[in-house]
1. Between residue 72 and residue 396, 0.36 nm times their residue separation minus their Cα-Cα distance comes to what?
2. Could you tell me the largest-minus-smallest coordinate of the C-alpha atoms of the range 179-243 on each of the three principal axes, in descending order and whole angstroms?
3. Any chance you could tell me what percent of the C-alpha pair distances in the chain go past 29 Å?
4. Taking the DSSP beta bridges in the chain as the whole, what percent of them are antiparallel, to the nearest 5?
5. In square nanometres and to one decimal, what's the mean projected area of the convex hull around the Cα atoms of the range 50-140?
6. Give, in nm to one decimal, the length gained when the segment between residue 260 and residue 181 is fully stretched (0.36 nm per residue of separation minus the Cα-Cα distance).
7. Just need the Rg to Rh number for the range 316-390, please, alpha carbons only, Kirkwood Rh.
8. Could you work out how far apart the two model spin labels at residue 85 and residue 268 are, taking each label as a point 7 Å from the Cα in the direction of the beta carbon, and quote it in nm?
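Values quoted throughout were computed directly from the atomic coordinates according to the rules given, and no laboratory measurement underlies them. Every value quoted in this text rests on a predicted model; they were computed, and no experiment measured them. So basically every Cβ, Gly included, is an ideal-geometry build from the backbone, and we count neighbours across all protein chains shown.
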Ligand code: GLN
């Protein structure tokens, strides 16, 4: 049914870069046979899933939506993909994203944008617009995303889906094509909070192949999603993540959602995180710095694209220059230049060093806020889905989309976006909840009450 749905609508939505129907059907048949034999299977066995194309899949192309990796077929599976396969989830294919997960609209994909199923003239968010659109358009019930600054939560918000960024270290990064290694986390995208909890439990937990993987088990997220009320839970509305600069319809939806949570027993307080004013600036130094280092491996020598200069000597440096010039899009180049500059001798302390200090201030703000509240809440994004082209020529306007999601990545804490109804423009709004590190279960308890 899902493959048929993809055949019907993906020409218009373009959520997928690659569909592997045969493999998905083979897995589904295998699960059916095992079930018929009475084998005990994972609750998600046989439930199809779409995987963001920045997560490597053995035998299935993985491009990061870049010309640099066009046609590359990984020889191994990411740990999370191994876990999906072991539990019997048919992998439908790979979803579109902004090139190397840099962006908020999927307009930076080298293979054309994904469209928002709610309004095909609008962006589905980014970078994981393909995963969120696939779920929202009923092409897949579940998807995997990655969130470095909001790329699971922001697309979920603008497509009316649920998306979670787990605690840093809670889900293995082994086999993710790294954007910024100190910020990246993979997580679930789904239509319901319970589905995300199930998927999060499946992919989460320790992995010895990821040196930053936490030793702790991921927690009982499914039980938390079934708690049903919020008695004894203090919700902290973050003063800096709302109000001015937020679309009135988004703010109204947030306020209405808050009232529902209050009716479910939550106590609502206001908290202040003054250092968030510098979060975006710090993020856009730390991310390009780490990205410029991570992307240095795409050199035309080992795998992926190789372009040789049309004339002149064939030196390694000239092959790298020609390959990277042809293989990377504008946004990727912009960030490599920014990051290389920020890390260069003489500028390191002023830029990267200061950004790391801001990161500490943000962590302290969160620590203080979590003394007053169990869960912090805000709108996920300042606006609903915008139109194609609206922010494409203005990187600063594009970057501002992530103003509410980025602090969680800088602090390594978990966050969820849950639909909170529609804005007055008829488009979905996301409600964000944030919890202390390792307390991902709290997100599902709050999120489930909003459904
Ligand atoms: N939109 C943000 C950026 O462009 C977030 C990216 C992400 O989470 N992968 O960096």
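1. Values: separation 324, 0.36 × 324 = 116.64 nm, distance 3.23 nm.
Between residue 72 and residue 396, full extension yields 113.4 nm more.
2. 39, 31, 24 Å, listed from the longest principal axis down.
3. Values: 43432 of 101475 pairs.
Tail fraction, whole percent: 43.
4. Numbers: 29 of 44 bridges.
Bridges in the chain that DSSP calls antiparallel: roughly 65 percent.
5. If you wrap the Cα atoms of the range 50-140 in a convex hull and average its projections, you get 5.6 nm².
6. On the way: separation 79, 0.36 × 79 = 28.44 nm, distance 3.70 nm.
24.7 nm is the gain from fully extending residue 260 to residue 181.
7. Values: Rg = 19.4 Å, Rh = 16.7 Å.
My calculation of the ratio gives 1.16.
8. 4.7
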